[in-house]
Amino acid sequence: MLDHLDLLLSQAARNIEAAASTDALREAEVHYLGRKGELTQALRGLGSLSAEERPLVGKRANEVRAEMEALLAARKEALSAREEETRRCRNALDVTLPGKRLRHGRRHPLTRALDEIKRIFTGLGFEVVQGPEIETDYYGFQALNYPPDHPAADEAMSFFLKDGVLLRSQTSTVQVRTMEKREPPVRIIAPGRCYRYEAVDATHSHSFTQVEGLFVDEGVSMADLKGTLTLFAREMFGPGVQVRFRPDYFPFVEPGAEIAASCAICKGAGCRVCKMSGWLELGGAGMVHPNVLRNVGYDPEKYTGYAFGMGIERMPMIRYGIEDMRLFTENDIRFLEQF
Ligand code: DAH
């Protein structure tokens, strides 16, 4: 009987040592110490022993049980430590791995220029308004004082969708639409896309962006126009910028002017960007023609106003030295990522 107990203990010791997981260990525990386990089975024979033998065997059985329990506890601790370790490793973060680059979005250079323009003009009291890109012949030309046979209203220059309906070729259309709806004073800018029947190259596109400006009130003069646009150019291109106004013709203004700013790159000395002239053309401007005021029901004897229209693409082209305006619409991530 005592030999059998020793045999059980050595078997149990081997099994416990061999248990590769806490689950296997639990099986070994049940096998030796469970209610129907080996030790309990062995002690069934206790009753048939003599009075001298019984206490000896009983004592040894208790020792064997205690030893088995100690072995189980030790093995359990080792196994759960190891299992915990593998679990930790599986979830581990390897801080030595190279990181992933986070690509963040950027505003398109044209959007940035537009945001800047809006910031400057709203700071001067202008409101930002919108107009439709699909226009009628009336808003596109007639209301703007174009004579009926003007070449700009020709199919060779504008995209007509059908007779009398076209994609706007200038944001000046928004002048009329806005004045029709309001009474003076009107002080607005209208940024937006325009379309012209134009062959695409580095400096021309069939679609481009303009910003229109309009201020109508009593006593508005050409001096107000010059002051406002000079301030705008200095905010946009830098405090040292000069602004030049030269006579020009547009049907909807009288007098009309071409606006240019001294080249922000060479400071007027002449460079590749300004084609050695020292000046960069920004757009057109002038005093709103009395016929246009009459067309929207304003009294030209009482009200005067100025208007201007500038191309937006030029501004980031000058600022960042972009030489091809096709880059704005190609959506090449390598180009866009630079801004
Ligand atoms: N609409 C003209 C163009 O696209 C630019 C322009 C000139 C706008 C004179 C104006 C202006 O408001 O007064 O070429």
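This model, with +1 at the C-beta of Lys and Arg and -1 at the C-beta of Asp and Glu, gives region 274-314 a dipole about its Cα centre of some 80 debye.
By its C-alpha gyration tensor, with a ≥ b ≥ c as the square roots of the eigenvalues, how is region 114-201 shaped: rounded for a/c under 1.5, else prolate for a/b larger than b/c, else oblate? Numbers along the way, then the final one.
Values: a/c = 2.65, a/b = 1.54, b/c = 1.72.
Taking the square roots of the gyration eigenvalues as a ≥ b ≥ c, region 114-201 is oblate.
If you put +1 on each Lys and Arg Cβ and -1 on each Asp and Glu Cβ, how big is the dipole of region 2-90 around its Cα centre, in Debye rounded to 20? The partial results should precede the final answer.
Details: 15 positive and 16 negative charges, 62 e Å.
That gives a dipole near 300 debye.
Of the residues 271, 221, 190, the one whose Cα sits farthest towards the positive end of the charge dipole of region 188-308 is 271 (charges of +1 on Lys and Arg Cβ, -1 on Asp and Glu Cβ, taken about the Cα centre).
Under the convention that each Lys and Arg Cβ holds +1 and each Asp and Glu Cβ holds -1, the size of the dipole of the chain around its Cα centre is about 860 debye.
Between residue 266 and residue 93, what FRET efficiency comes out of the Förster formula 1/(1 + (r/R0)^6) with R0 = 56 Å and r the beta carbon distance, rounded to 0.05?
So the FRET efficiency works out to roughly 0.55.
From the largest down, region 189-232 spans 42, 18, 13 angstrom on the principal axes of its Cα atoms.
Comparing mean-square fluctuations of 211, 292, 64 from a GNM of the chain with C-alpha springs under 10 Å, the top value falls on 64.
Once you have a ≥ b ≥ c as the square roots of the Cα gyration tensor eigenvalues for region 109-336, tell me rounded if a/c is under 1.5, and otherwise prolate or oblate according to whether a/b is larger than b/c.
On the way: a/c = 1.73, a/b = 1.22, b/c = 1.42.
Oblate, because a/c is 1.5 or more while a/b does not exceed b/c.
For the chain, the number of Lys pairs separated by eight or more positions or lying on different chains, with C-alpha atoms closer than 30 Å, is 15. Of the residues 86, 230, 304, the one that moves most in a GNM of the chain with alpha-carbon contacts below 10 Å is 86.
Annotation for residue 276 and residue 119: the two label points, set 7 Å from Cα along the Cα-Cβ direction, are 3.7 nm apart.
Counting only C-alpha contacts under 8 Å and six or more residues apart, can you give the relative contact order of region 2-90 as a whole percent?
Values: 54 pairs, mean separation 35.0, N = 89.
That works out to 39 percent.
Each reported figure results from applying straightforward, stated rules to the coordinates on display, with no laboratory input. Source: prediction; values computed, not measured. Backbone-built Cβ (ideal geometry, glycine too); neighbour counts: all protein chains shown.
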